[in-house]
Amino acid sequence: MQAAVTDVTAAIYDGIAKRIGQQKFRVWFRNSTSLSVSDGYLKIGVPNLFIAGWIENHFLADIAQAAADASGQSLKITFNIDPELAGAARPSATVSHSNSSPALTRRDTDAGLSGTTGSGRQKIAAINGYDKMTLGNFVVGPSNQLAYNAASAMINQEDNPFNPLFFHGGYGLGKTHLLQGICCAMRKSRPGSKLLYCSAEEFTNQYLFALKTKKLDAFRGRFRQLELLAIDDIHFLANKPSTQEEFLYTFNSIDLAGKKVVLASDAHPKMINQLCERLVSRFVSGMVVKIEPPDFETRCRILCQRVAVLGHDISDKVISCIAEQVRTNVRELEGALLKLIAYASLNNEKPSIAMARDILAEHIARTDPIVHVSDIESAVTTFFGITPADIHSSRKDRTISLARSFSMYLARRYTKMSFPEIGRLMGNKNHATVILAARKIEELVKSNATVNWKGPGGNKVAHARTILNSLQKTIA
Ligand code: ADP
Ligand code: MG
């Protein structure tokens, strides 16, 4: 029995190494983890919480797959601190909470579902000592000041200053944090008040389930009597007309009762395609606030705050070095910091600038804002209400041709692709067609001509420069 178990763990290690590559395997697994399999569980021993968080966030799907392959069943994965491994690390380099909690109690992760980054994110948030995303630990700077003020106003004012409050902005900039922060503050200031935070996806699933099981009344009762409803990633409703309609009623009921709705999305309401006009106009009649990427100073303050929470000692120079190199968003920033700390604790060293440069090199290459043609296509297709497949097709109707011309123009401007390459990708056109299309857009923009097209909700019209500006904002 014992031998069989050992074979399985060896096979799991093998599988992990094959999936993630020898180099990463050496750094994160070989000497810093132990594995055991019993009763449908794969237990991963780790030296400290950081390594657990790091491994979970980056390799969970690979581990789950390797475990399933090796054992022939879907294993649940748990992490625990292995004193032997922990003993190998210098005490100052281990996290402060590891002393107080010898074994980490964590929700089990179903190996079958483990690929979802969302849940991984929440778990690492708990590891970081950030059980909650509160307004108190939201670092305010010029990029998010307005959003933060609006959030505070929403909590402090009894009557509704605006409804809904709508946050939008790129990935990892703090939208979810603000939504949860609002809920948290409301729970504190008005204990017992009915509030709910959920993603638009959950809202959709619950609605469809209620519809199927003929329990719409219960569903409506649950949502429409809330004092605060926070829905995250509302752009998920794009393209789902019946859920949109249900949401509109939900919103209206809450609004009529003088209660509050707060929403977050990756795009301005007008830029979420396939969102019905009535919803768009409801959204823009509330308060729409954009969150921008944080500037250098704010990035430093976010890092300092995180370091303080973690109880680590990292010099200002190293903090500046991370803040300088990782510019895109807060999630990447946190990831870089955790990576550095985890790496330092593995090597029993204090994080240094040299280490930061080394460790972040891969990270930076990956997160630098290079524009990919897929970014362009996704901006253009969202704007015009078509699909990337339409752009790649040879269809010639007006909206598709127009969208394709914009894509070609932007691809030429923002990527290193040549005219023939762009042509091949976008509808198998020859390079002369691409040149003509790019020139056509240039002229439209120069004269700021009025452009007409057919959107999903009917005919649309806008000035060429307005279109270009929106598209550039989305991709750059
Ligand atoms: P989004 O929902 O916009 O994609 P999140 O709200 O999930 O982004 O933020 C990503 C991570 O960055 C979270 O861990 C969050 O706590 C953190 N974060 C974002 N903005 C701030 C901020 N201003 N201060 C502190 N932490 C922040
Ligand atoms: Mg979010």
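The values are calculated or read from the model by the stated rules, or taken from the named source; none is laboratory data. The shown structure was predicted, so the numbers you read here are calculated from the model rather than taken from an experiment. A quick note on method: Cβ atoms are made from the backbone with ideal geometry, for glycine too, and the neighbour counts reach across all protein chains shown. Remember, those area values only see protein heavy atoms, side chains included, never the ligands or the DNA or RNA. Shrake-Rupley method; radii C 1.70, N 1.55, O 1.52, S 1.80 Å.
At-a-glance table
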| quantity | calculated |
| --- | --- |
| The range 264-301, subset within 16 Å of ligand 2 (Cβ to nearest atom) and outside any loop (DSSP other than H, G, I, E, B), residue most open to solvent (accessible area, probe 1.4 Å) | Lys290 |
| Elements of type helices (runs of 4 or more DSSP H) in the range 342-399, at least 3 residues being modelled with pLDDT of 85 or more | 353-367, 373-384 |
| Residues of the range 232-257 satisfying the condition of being open to solvent by less than 40 Å² (accessible area, probe 1.4 Å), closer than 26 Å to Ser193 by Cα and not in a helix (DSSP H, G or I) | Asp232 |
| Hits in the range 177-199 - residues which are within 15 Å of the chain's Cα centre (by Cα) and crowded, with 22+ Cβ neighbours inside 10 Å | His177, Leu178, Leu179 |
| Number of the condition not met by Val261 [criteria: (1) surrounded by fewer than 16 Cβ atoms within 10 Å (Cβ to Cβ); (2) modelled with pLDDT of 95 or more] | (1) |
| Filter result (aliphatic (A, V, I, L, M), in contact (Cβ under 8 Å) with a residue 40 or more places away in the chain and away from ligand 1 (no atom under 12 Å from the Cβ)) within the range 288-325 | Val288, Val289, Leu310 |
| Residue within the range 401-420 that is assigned to a helix (DSSP H, G or I), β-branched (Val, Ile, Thr) and buried (at least 16 other Cβ atoms within 10 Å of the Cβ) present | no |
| The listed residue being within 21 Å of Asn144 (Cα to Cα) and open to solvent by 30 Å² or more (accessible area, probe 1.4 Å), out of Glu349, Glu324 | Glu324 |
| Subset tally (residues that are within 16 Å of ligand 1 (Cβ to nearest atom), touching a residue at least 12 places away in the same chain (Cβ under 8 Å) and either polar (S, T, N, Q) or buried (at least 19 other Cβ atoms within 10 Å of the Cβ) (or both)) for the range 141-171 | 12 |
| Test for Arg90: is it of a type outside the set (Gly, Ala, Ser), surrounded by fewer than 18 Cβ atoms within 10 Å (Cβ to Cβ), at pLDDT below 90 and touching a Phe, Trp or Tyr at 6+ places or on another chain (Cβ under 7 Å) | no |
| Residue in the range 23-34 that is part of a strand (DSSP E or B) and either at pLDDT 90 or above or small (Gly, Ala, Ser) (or both) present | yes |
| Thr466 vs. criteria open to solvent by 20 Å² or more (accessible area, probe 1.4 Å), in a helix (DSSP H, G or I) and at pLDDT below 90 | no |
| Residues within the range 57-81 that are open to solvent by less than 30 Å² (accessible area, probe 1.4 Å) and either modelled with pLDDT under 85 or assigned to a loop (DSSP other than H, G, I, E, B) (or both), tallied | 2 |
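Here's the yes/no breakdown for (1) hydroxyl-bearing (Ser, Thr, Tyr); (2) modelled with pLDDT of 95 or more:
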site: Thr176; (1), (2): yes, yes
site: Leu179; (1), (2): no, yes
site: Ala185; (1), (2): no, no
site: Lys188; (1), (2): no, no
site: Ser193; (1), (2): yes, no
site: Phe203; (1), (2): no, yes
site: Tyr207; (1), (2): yes, yes
